1. Can you find a residue in region 37-54 that is at pLDDT below 95, part of a helix (DSSP H, G or I), open to solvent by 80 Å² or more (accessible area, probe 1.4 Å) and within 22 Å of GLU156 (Cα to Cα)?
2. From the list VAL60, VAL6, which residue is at pLDDT 90 or above and open to solvent by 80 Å² or more (accessible area, probe 1.4 Å)?
3. With SER82, SER71, SER98 as the choices, which residue is in contact with a Pro (Cβ under 9 Å, 6 or more places away or on another chain) and open to solvent by 20 Å² or more (accessible area, probe 1.4 Å)?
4. Mind listing whichever residues of region 135-174 are assigned to a loop (DSSP other than H, G, I, E, B), open to solvent by 50 Å² or more (accessible area, probe 1.4 Å) and among the β-branched types (Val, Ile, Thr)?
5. Before we move on, is LYS197 in a helix (DSSP H, G or I), open to solvent by 90 Å² or more (accessible area, probe 1.4 Å), closer than 20 Å to LYS85 by Cα and among the basic types (Lys, Arg)?
6. Please state which one of GLU127, GLU123, GLU131 is in a helix (DSSP H, G or I), in contact with a Lys or Arg (Cβ under 9 Å, 6 or more places away or on another chain) and either modelled with pLDDT of 95 or more or not β-branched (Val, Ile, Thr) (or both).
7. For region 85-94, how many residues meet the condition of being open to solvent by less than 80 Å² (accessible area, probe 1.4 Å) and among the basic types (Lys, Arg)?
8. Out of all the residues in region 18-36, which are loosely packed, with under 13 Cβ neighbours inside 10 Å and of a type in the set (A, V, I, L, M, F, W, C)?
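The values are calculated or read from the model by the stated rules, or taken from the named source; none is laboratory data. As the structure is a prediction and not an experimental result, all values here were calculated from the model. Heads up, the Cβs are rebuilt from the backbone with ideal geometry, glycines too, and the neighbour counts pull from every protein chain shown. Only protein heavy atoms, including side chains, enter the accessible area calculation; ligands, DNA and RNA are left aside. Shrake-Rupley method; radii C 1.70, N 1.55, O 1.52, S 1.80 Å.
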Amino acid sequence: MGSEMVMVDEVSFPTEIIINTNKPLALIGHGITDIEIHFLQIKYNAIGIYLEKEVVNHLVNWKGKKENELSEDDTFFDALVSVEKFFRVVVIKEIKGSQYGVQLESAVRDRLAAIDKYEEKEEEALEKLTEFFQTKYFHKASVITFHFPTSSPTAEISFVTQGKEEVKMKVENGNVVEMIQKWYLGGTRAVSPTTVKSLAHKFGELLSN
């Protein structure tokens, strides 16, 4: 973990992390998931998006684009799917893990169905994903991580909460993996508009150089 920290709604995120290799991933974007009920904002999770530092080399088509152009360009966020990334999701409001699992499963299924890629293998992979979260309880400050290596079309997911050991699973269906990424990196269709805005702002700076 990096020594410097960034605060996202009172949740601290290291500015750099190192996963399985010695190549550090940088905190490029962050935000929250929330809903508004009767003018009251309810915050669920804080999110940190980590990407390889050379990511701008994959984005030459968007050089010179401004934040507002990037935030509304879904093809830009599609391009981010091809690089190594790590999502760190920290719980703000306690919920059952099954609620999170159902939200994720529904979003992935709907995205796959829309492009006619929801088949039996995808259904099986999603069932394993929802089962993983089914028995968990998301206490405040619990951490869910998603690692998407470039070496294979997989998602390595972990969950850790106070007083319990970290548990992990791997999703190996490429179509499901892609749509898990797009739940957070889906541009105008992403679950966290604040995260999309943060990414667009940072990349607007990086691509202006």
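1. yes
2. Within the list VAL60, VAL6, the selection yields VAL60.
3. Being in contact with a Pro (Cβ under 9 Å, 6 or more places away or on another chain) and open to solvent by 20 Å² or more (accessible area, probe 1.4 Å) holds for just one of SER82, SER71, SER98, which is SER71.
4. Selection gives THR135, THR150.
5. Against the criterion (in a helix (DSSP H, G or I), open to solvent by 90 Å² or more (accessible area, probe 1.4 Å), closer than 20 Å to LYS85 by Cα and among the basic types (Lys, Arg)), LYS197 qualifies.
6. GLU123
7. Looking only at region 85-94, we keep the residues that are open to solvent by less than 80 Å² (accessible area, probe 1.4 Å), and these are 85-92.
Filter once more, so that each one left must be among the basic types (Lys, Arg): 85, 88.
Summing the residues that are open to solvent by less than 80 Å² (accessible area, probe 1.4 Å) and among the basic types (Lys, Arg) in region 85-94 gives 2.
8. Result: ILE35, single match.
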